[in-house]
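Engineer: Here you go, one structure.
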Amino acid sequence: MDDNKKPETPSKDEPESSLKDVAGSVAAAFIGVQSDKNRERDFTKGKFSHFVVVGLIGVVLFVGALIAIVNLVLPN
């Protein structure tokens with residue numbers, strides 16, 4: 001079995017990754033887990049710009065949540 005094979009390029013009739021797929025992949029990347037099947041799907045069907053935008057939104061939400069938690073815990 002050849003593990004070094006390149007992902008196939010998607011044909012025009014294959015659907016792109018949905019927002020749910022992209023969000024799930026970004027969430028998996030945040031915690032460091034991703035299946036090989038999903039990783040290959042991301043590289044063949046996903047657009048880089050979609051992952052960047054969802055990733056930036058995730059980072060902003062994460063940082064905002066951390067700031068909110070710190071402000072709740074620490075006295076004014």
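Engineer: Amide H of S17: which non-local residues (sequence gap of 5 or more, or other chain) have their own amide H closer than 5 Å, using H built in the peptide plane?
Structural biologist: Amide H to amide H, under 5 Å and 5 or more residues apart or across chains, S17 pairs with G46, K47.
Engineer: Could you give each residue of region 33-49 its phi-based ³J(HN,Hα) in whole Hz, using Karplus coefficients 6.51, -1.76, 1.60 with θ = phi - 60°, and x for Gly or Pro?
Structural biologist: 10, 6, 7, 4, 4, 5, 5, 5, 4, 4, 6, 8, 10, x, 9, 4, 4
Engineer: Place the peptides 47-59, 64-76 in order of packing, highest mean first, counting for every residue the other Cβ atoms within 10 Å and averaging per peptide.
Structural biologist: 47-59, 64-76
Values quoted throughout were computed directly from the atomic coordinates according to the rules given, and no laboratory measurement underlies them. These figures come from a predicted structure and were not determined experimentally. Backbone-built Cβ (ideal geometry, glycine too); neighbour counts: all protein chains shown.
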